[in-house]
Protein chains: 2
Amino acid sequence: MFGASTRLGPVSPAAVTVDLVILTVREETLHVLLVERGNEPYRGLPALPGGYVRDGETLDAAAARELEEETGLAAHRLHLEQLRAYGEPGRDPRGRIFTVAYLALGPELPVPSAGTDARAALWSPVGPYLDGTDELAFDHGMILRDALERARSQLEYTTVAAAFCAEPFTVADLRRVYEVVWDVPLDPSNFRRKVTKAERFLVPTGDRRMLDAGRPAALYRRGDARLLSPPLLRGA
Amino acid sequence: MFGASTRLGPVSPAAVTVDLVILTVREETLHVLLVERGNEPYRGLPALPGGYVRDGETLDAAAARELEEETGLAAHRLHLEQLRAYGEPGRDPRGRIFTVAYLALGPELPVPSAGTDARAALWSPVGPYLDGTDELAFDHGMILRDALERARSQLEYTTVAAAFCAEPFTVADLRRVYEVVWDVPLDPSNFRRKVTKAERFLVPTGDRRMLDAGRPAALYRRGDARLLSPPLLRGA
DNA sequence: TCAAAAGTGTTTTCAGTACACCCATGC
DNA sequence: GCATGGGTGTACTGAAAACACTTTTGA
């Protein structure tokens, strides 16, 4: 299988992992699910959840499996998509390990409890890892930055923002997702017009939600549209 | 290095390759560089150029090396970016081989000549591979489709279209790239306004190019802008 | 003078923005 | 009533589309 190495140059077998950037919005802040490393290297540092791709397993299946193991949630309830591959020779001191990063977006999930397969997983605000205040193991800081940039641009052209909302949700819930991820305030009335006009983005349930104050808000579920047309552009 | 398999499940070492989707515009048609497979599996079928990632080599470096080996052109003269990873267990009958696909865009290049390291590489129109008329080896048909979709959307938000043009080029050259890749006719006057107004997209050389007929066209080089703002949207 | 391609100007339309205003609820 | 957030109406603005028109070349 690796006989080609003699003609193509030195090629040793490698390991392939998947790493997950699982994002959610909690308390008006974007959070990412991190696990604390129990072993060297980077023992004690937070890292993205992930693991080896098993024999006979597709990349998507490995990502879905790890997602379920770490969050306890069925992967089909979250938006899960491949981000890109990372393979710097020195990214893991144990050897040549390639990783395929996945981006998962979901509503505020129950914090995975210790004692399960999850190793001390916890939701952390993304801020300190983006500005360099805090460190992540391996090249996970870079992966997180890439994932966030992908998420930001996905909000413009696709309907994934709704994946951040637990159903049923209001237009204001959805707007808060955009405001948190893009870190810009949006005009509530114009936002409502755009998302309700977009075909098959939001499906009204007919119900309303009452809060402490104010008029009850109409409730929606995610529609089956995946692309958002027209797109919802961030400020130029 | 693979000791973790006992805890994580069956994990055997794997091979990692890079595959290149090298696109260019020739004779008003989008072409992709393909090589004919000389060995099993898929002997005789066209395939994307690619090869194993070597020890100590980054993914980007492996892609650039393969690009130079197959086209004879310096990689820095082409736009080269990672597309995504593919790792279906059955995608290569020889074993578990993951591949990281790259998208390369360039001007009409000299056809790589046989006798070099390149194995009978040739430019082929993409059409028959997209509509299923012709087959590619492995899962390269899917990779080509994904790459083309990426290229199409990249034209909207980035300045990569200029990578298809040999410098210096005219606004009409650039417009033809958009028309060929998107397969839609564009209004020449509105197109000109948009691309010349975009900051740092085009740098006028001051020269003009004369054709058989018509007024000489101003010549441009690529500017240093990477993002195109405002974006150039395809018809809704 | 004509054909052909480059390039400019103008009108119309339409989407995004800003913001005034009305609605429905709890207190 | 009043505060609070939900939701509608509307005028303003700027970019995109359509297309008439001018410019500059070769034949």
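The values are calculated or read from the model by the stated rules, or taken from the named source; none is laboratory data. Predicted model only: the values in this text are computed from it and were never measured. We place every Cβ from the backbone using ideal geometry, glycine too, and count neighbours over all the protein chains shown. Surface areas here come from the heavy atoms of the whole protein model, side chains and all, with no ligands, DNA or RNA. Shrake-Rupley method; radii C 1.70, N 1.55, O 1.52, S 1.80 Å.
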Chain pair A, B: how much accessible area is buried, both chains summed, with a 1.4 Å probe, in Å² to 100? 3200 Å²
Two-site FRET efficiency, A:His76 against A:Met142, from Cβ-Cβ distance with R₀ of 35 Å, rounded to 0.05: 0.75
To the nearest whole percent, what portion of all C-alpha pairs in chain A is separated by more than 26 angstrom? 43 percent
Mind checking the full-extension length gain between A:Leu233 and A:Ala120? Use 0.36 nm per residue of separation minus the Cα-Cα distance, one decimal, nm. 36.9 nm
At 4 °C and 1.567 mPa s, what whole-number value in µm²/s does Stokes-Einstein give for the translational diffusion of region B:5-76, with Rh from the Kirkwood sum over Cα pairs? 90 µm²/s
Scan region A:143-236 for GluC sites (Glu not before Pro) in coil per DSSP, keeping those whose Cβ has at most 14 other Cβ atoms within 10 Å, and list them by number. A:Glu199
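Semi-axes of region B:159-222's equivalent ellipsoid from the Cα gyration tensor, sqrt of 5 times each eigenvalue, largest first, rounded to whole Å? Spell out each step's value before the answer.
Working: eigenvalues 58, 43, 27 Å².
After scaling each eigenvalue by five and taking roots: 17, 15, 12 Å.
Per residue of A:95-108, what is the mean number of Cβ atoms on other protein chains within 10 angstrom of that residue's Cβ? Intermediate results must be reported in sequence, preceding the final value.
Details: counts 3, 7, 2, 8, 1, 6, 1, 0, 0, 0, 0, 0, 0, 0.
Neighbouring Cβ atoms belonging to other protein chains average 2 per residue here.
Order of B:95-108, A:61-74, B:213-226 by packing, highest average Cβ count within 10 Å first? Don't jump to the answer; show the numbers that get you there.
Numbers: B:95-108: 22.4, A:61-74: 19.9, B:213-226: 13.8.
Ranked from most to least packed, the peptides come out as B:95-108, A:61-74, B:213-226.
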Compactness summary of the protein assembly as shown: radius of gyration and Dmax from Cα atoms, Å, are 24.2, 78
Distance in nm between pseudo-label sites at A:Glu108 and A:Lys197 (7 Å out along the Cβ direction from Cα): 3.2 nm
The simple spin-label model distance between B:Glu27 and B:Ala213, using points 7 Å out along Cα→Cβ, in nm, is 2.2 nm
